[in-house]
Each structure stands twice: as structure tokens, then as C-alpha cells.
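Remarks on the structure that follows.
Every number in this text was worked out from the coordinates using simple rules, so none of it is lab data. If you're wondering where the values come from, they're calculated on a predicted model, not measured in any experiment. Here the Cβ positions follow ideal geometry from the backbone for every residue, glycine too, while neighbour counts run over all protein chains shown.
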Amino acid sequence: MAETKDRGTLGYEQARDELMEVVRRLESGGSTLEESLALWERGEELARICRQWLDGARERLDAALAESEGESAEGEEEGDAEEPAAADRAG
């Protein structure tokens, strides 16, 4: 089935563009009931593909932000540990 294969081969932009075309064709009318149903099903599959790409992007961003925040917290902790030593040298 082509729809299952598409999940691994269609990029986000490709799936989005095809989805926009499906919507345009559905909105323009003139299709038979069978054609409209096939377009609707294809649109649902394309929407799932787009959602998977967006979910993956969100996970990557969350991981990068968490990593960045973790590094910032480590840097602050190291900075805090150095401050008393500097105060001892001054006193």
C-alpha cells in the first residue's frame, strides 16, 4: 500500500503540499463520491504524516532546550561552587 510507504519517504513539505492539493480538489467539487472518498482518505493519511513530522520536530526542540537548560544549570552550579573559594582568597 502506497500510504504506508509514504510515511518513510515523504518529507513534511511534500506531504503538506500534496495535502493542500487534495483540499483544493475536494473544495472545488466535481468529483464523484468514490473519488471524493479516496481524496479524503489520502488527505487523512497526509495529515498523519505531517503530524508525525511536527511531533518529531517538537521532540527534538524539547530535547535541545532541556539539554541547553541542563548545561546552564551545571554552569551556574559550578559558578556557585567557585564563588566561596574566591571570597576566601579575598578575606
### Karplus (6.51, -1.76, 1.60) ³J(HN,Hα), θ = phi - 60°, over the stretch 46-57, in Hz, Gly and Pro reported as x
5, 5, 4, 4, 4, 4, 4, 4, 5, 4, x, 5
#### Entry: Per-pair calculated FRET efficiency, R0 = 41 Å: ARG51 and SER28 via Cβ, rounded to 0.05
0.95
### Query
Given C-alpha coordinates of the stretch 7-47, what is the ratio Rg to Rh with the Kirkwood estimate of Rh?
1.01
